[in-house]
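**Q** Could you have a look at this structure, given as structure tokens, before my questions?
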Amino acid sequence: MKEQVVCKTTDIDPGEMKATNFGKQNVLVCRTLDGEFYAFLNQCTHQGAPLDKGIMCGATIDTSKPGEYHYRRNGEIIRCPWHGREFDIKNEGRMLANPEKKLPNYKVRVEDEDVIVYK
Amino acid sequence: MAKNQIRLVDTDIHERVQYKDILEYLDEPFKHYIENCHWIQEKHMPYTQPAVAGVDRADAILPDGRPAGSDLGFMQEQLLDEIGHEYGILTSALDPSPSSMHGWYEMAIALASAYNNWQIKEWLEKDDRLYGSVHIAAQDPKAAVKEIERVGSHPKMVQVLLPIDDIMWGDPFYHPIFEAAEKHHLMIGMHHNEPPIYYGKWPRYFIEWHTLIPTAHIKQITNMVFNGVFDKFPNLGLMMIEGGFTWVPHIMWKMDQQYRDLRHEVPWLKRKPSDIFKKQIRVTTQPAEELTKQEFMSLIEQMGTDEILCFSTDYPHWDYDSPTRALPNMDPELKQKIFADNAKAFYPKLP
């Protein structure tokens, strides 16, 4: 099993994300507001945009009637910097508009202050 | 009699009323306004007529000179018996036609009721094969709902024709109409009327206007899908009439692409737009572009389903499509769907 320390926990505040290197791969480490860490390939599935240049935000994700908006899940959605596609951090990086698509993801664990990405 | 084995379900046939024939169905003072005050519906296409008998097939003009489509017996002889129709859906025509009337709400409401009564008595109840469209004055949604409640339960009314106006059909303005239609198992039918394909005005030439008709269909579909009409009314269907069909894959792809990027703005959409299209929108074939079999089959493949297209003749108009000549040869199973089964599956009230 390949694993690597990619950064310190203190490098990423809750609600933020950071591009790191995992071997030769550019990996996006996201920290949700509850303090958990998640890691994905730092490329949009669509046209390869660098996701770390996008934002972590919420989304109008709940069921609603036409004309109604419910903004939820703040800090748990990655929005691509180019076309604005939304990916659900806590659901394997699945795309909101098409959950069959997901960002390639990596396992993450924290030991002391080290954020470790592994396959 | 029928030369092909499949009995056609024709999704666009134009019956035609003349002013003098609708008078007995009109209440006063609206009868008076036509009879004594010379009211005629605003119709002002600024072009030369497209064909030798205006907008009609020249051979569909009645021997006694009455307009094409105005006599059931002649239509039976020339179309229904000759082709061997199983069913035909009436979609009205031209002048006067409540489904394309703007302005003067009171006249529009009265005309719609009179037209519906005339259609039921003179056509639907005289030929088992014919099914009808409810005409409404949609500019007054309350009156429109009342009219749907009045005639929508008639066993041979299968859809509501909505006039195209400057409020798009996805707007909540029309939702009471959709609710009433859904309640009576009526689909919504769109037949273009004049002139909304071109920023509310007419293009310079008829050939441009006629080419651009499907853009009106594309606009209404886009508006209804993204405004959530098909999610709010899951049993409602939309029949897009007389715009041809080669545009269908384009708008499916375009809407899906936009949805992938811009879903956040329309969170009420839980299905891919093309999935909504496949389930709730159907498209009549006429006026069919002349395609090779290969081109036609490629389009069907691009649509992702062979259940969208429903054959239509547009009788008695000049750009009529012949059931035996308009589309390329196709496998019997596919032909059965396009010429009959797709329309039967779409209209709940069609046997």
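No value in this document is a laboratory result; all are computed from the given coordinates. All values derive from a computational prediction rather than experimental measurement. Every residue, glycine as well, gets a Cβ built from its backbone with ideal geometry; the counts of neighbours run over all protein chains shown.
**Q** Based on the Cβ-Cβ distance from B:Asp166 to A:Asp13, what FRET efficiency comes out when R0 is 51 Å, to the nearest 0.05?
**A** 0.50
**Q** Can you give me the long-range amide H partners of B:Gly88? Hydrogens built in the peptide plane at 1.01 Å from N, cutoff under 5 Å, separation of 5 or more residues or another chain.
**A** When sequence neighbours closer than 5 places are left aside, the close amide H contacts are B:Asp10, B:Leu130, B:Tyr131.
**Q** Same structure, new question: Could you give each residue of the range B:8-13 its phi-based ³J(HN,Hα) in whole Hz, using Karplus coefficients 6.51, -1.76, 1.60 with θ = phi - 60°, and x for Gly or Pro?
**A** 6, 9, 9, 8, 7, 10
**Q** Moving to a separate point now. For A:Lys90, which lysines qualify as cross-link partners when the Cα separation must be under 24 Å and same-chain residues fewer than eight apart are set aside?
**A** Cα-Cα hits under 24 Å: A:Lys2, A:Lys8, A:Lys18, A:Lys53, A:Lys101, A:Lys102, A:Lys107, A:Lys119, B:Lys270, B:Lys272.
**Q** So, in nm, how far is label A:Tyr69 from label B:Ala51 when the simple model puts each one 7 Å beyond its Cα toward the Cβ?
**A** Label-label distance for A:Tyr69 and B:Ala51, simple model: 5.0 nm.
**Q** A further question on this structure: Report the relative contact order of chain A, percent, no decimals, based on alpha-carbon pairs under 8 angstrom and at least 6 residues apart.
**A** 27 percent
**Q** Another question, if that's okay. From Cα pairs below 8 angstrom and at least 6 apart in sequence, can you work out the relative contact order of chain B, rounded to a whole percent?
**A** Relative contact order here is 21 percent.
**Q** If each of A:Gln47 and B:Glu28 carries a label point 7 Å out from its Cα toward its Cβ, how far apart are those two points in nm?
**A** So the two model labels end up 6.9 nm from each other.
**Q** For B:Thr91, A:Thr32, what's the fewest-to-most ordering of other Cβ within 10 Å of each Cβ?
**A** Result, fewest neighbours first: A:Thr32, B:Thr91.
**Q** Follow-up. Can you order the peptides A:104-113, B:54-63 by their average number of other Cβ atoms within 10 Å per residue, highest first?
**A** Top to bottom by mean Cβ count within 10 Å: B:54-63, A:104-113.
**Q** Restricting the count to DSSP beta bridges whose residues both fall in the range B:44-178, what percent are antiparallel, rounded to a multiple of 5?
**A** If I count the DSSP bridges inside the range B:44-178, around 25 percent turn out antiparallel.
**Q** Right, something else. Going by amide H atoms built from the backbone, whose H comes under 5 Å of the H on B:Ile281, apart from near neighbours?
**A** For B:Ile281, the qualifying residues are B:Leu238.
**Q** Antiparallel versus total DSSP beta bridges in the protein assembly as shown: what percent is that, nearest 5?
**A** Values: 39 of 60 bridges.
Of all bridge pairs located within the protein assembly as shown, approximately 65 percent are antiparallel.
**Q** For the range B:168-241, calculate the relative contact order in percent as a whole number, restricting contacts to Cα pairs under 8 Å that are 6 or more residues apart. Mind dumping the intermediate values first?
**A** Numbers: 69 pairs, mean separation 39.3, N = 74.
Relative contact order here is 53 percent.
**Q** Moving to a separate point now. How many Cβ atoms of partner chains, on average, are near each residue of A:55-68 if near means within 10 Å of its Cβ?
**A** 4
**Q** While we're here: Counting partner chain Cβ atoms within 10 Å of every residue's Cβ in B:257-265, what's the average?
**A** Across B:257-265, the average partner-chain Cβ count within 10 Å equals 6.
**Q** For chain B, with a Gaussian network of springs between Cα atoms less than 10 Å apart, report the residue from B:His154, B:His85, B:His44 with the top mean-square fluctuation.
**A** B:His44
**Q** GNM on chain B, C-alpha springs below 10 Å: top fluctuator among B:His250, B:His38, B:His210?
**A** Result: B:His38 has the largest fluctuation of those listed.
**Q** HN-Hα J couplings of the range B:314-324 from phi, Karplus 6.51/-1.76/1.60, θ = phi - 60°, integer Hz, Gly and Pro as x?
**A** 6, 3, x, 7, 4, 9, 2, 10, 6, x, 9
**Q** Between A:Val5 and A:Leu33, what FRET efficiency follows from the Cβ-Cβ distance if R0 is 22 Å, with the result rounded to 0.05? Mind showing how you got there, number by number?
**A** Numbers: r = 23 Å, r/R0 = 1.06.
My answer for the efficiency is 0.40.
**Q** Answer rounded, prolate or oblate for the range A:3-118, using the Cα gyration tensor with square roots of eigenvalues a ≥ b ≥ c: rounded when a/c is under 1.5, else prolate when a/b is larger than b/c, else oblate.
**A** prolate
**Q** Another one. Quick check on the exposure proxy: order B:Ser312, B:Ser153, B:Ser99 from fewest to most C-beta atoms within 10 angstrom.
**A** B:Ser153, B:Ser99, B:Ser312
**Q** Comparing B:Thr313, B:Thr222, B:Thr285, which has the greatest mean-square fluctuation in the GNM of chain B with Cα pairs linked when under 10 Å apart?
**A** Judging by the Gaussian network model, the answer is B:Thr222.
**Q** Kindly rank B:110-119, B:17-26 from highest to lowest mean number of other beta carbons found within 10 Å of each residue.
**A** Most protected by this proxy first, the peptides run B:110-119, B:17-26.
**Q** Which ordering of B:Ile120, B:Ile197 is given by a fewest-first count of other beta-carbon atoms within 10 Å? Write out the running numbers ahead of the final one.
**A** Values: B:Ile120 18, B:Ile197 24.
So the residues, fewest neighbours to most, are B:Ile120, B:Ile197.
**Q** What does the extension gain come out to for B:Glu82 and B:Arg204, with contour length at 0.36 nm per residue minus their alpha carbon separation?
**A** Between B:Glu82 and B:Arg204, full extension yields 40.1 nm more.
**Q** Tabulate in residue order the Karplus-calculated ³J(HN,Hα) for the range B:74-90, using 6.51 cos²θ - 1.76 cosθ + 1.60 with θ = phi - 60°, rounded to whole Hz; enter x for Gly and Pro.
**A** 5, 5, 4, 5, 7, 10, 5, 6, 4, 7, x, 4, 7, 9, x, 9, 7
**Q** If you don't mind, another one. Once amide H atoms are placed 1.01 Å from N in the peptide plane, what residues at a sequence separation of 5 or more from A:Thr20, or on another chain, have their amide H within under 5 Å of its amide H?
**A** So A:Thr20 has HN proximity to A:Val27, A:Leu28, A:Val29.
**Q** Ok, one more. With the crude spin-label approximation of a point 7 Å out along Cα→Cβ, what separation in nm comes out for B:Thr211 versus B:Asn117?
**A** 4.6 nm
**Q** Moving on. How large is Rg/Rh for the protein assembly as shown, to two decimals, with Cα atoms and a Kirkwood Rh?
**A** In the protein assembly as shown, Rg relative to Rh is 1.11.
**Q** Which links in B:Lys293/B:Lys337; B:Lys121/B:Lys344; B:Lys254/B:Lys279 stretch past 19 Å when you go from one Cα to the other? Kindly include the intermediate steps, with their values, before the conclusion.
**A** Numbers: B:Lys293/B:Lys337 16 Å; B:Lys121/B:Lys344 23 Å; B:Lys254/B:Lys279 17 Å.
Flagged as over cut-off: B:Lys121/B:Lys344.
**Q** For every helix of n ≥ 4 consecutive DSSP H residues, a contribution of -39,500 (n - 2.57) applies; sum these over chain B, divide by its total residues, and give [θ] at 222 nm rounded to the nearest 500 deg cm²/dmol.
**A** Counting only the DSSP helices, I get -9000 deg cm²/dmol.
**Q** Let me ask another. Cα-based Rg of the range B:9-346 per 2.2 N^0.38 Å, rounded to two decimals?
**A** Details: Rg = 19.3 Å, N = 338, 2.2 N^0.38 = 20.1 Å.
Compactness ratio reported: 0.96.
**Q** If you add up the charges near B:Phe173, with Lys and Arg at +1 and Asp and Glu at -1, over every other residue whose beta carbon is less than 13 angstrom from its beta carbon, what do you get?
**A** Charge balance in the 13 Å sphere: -4.
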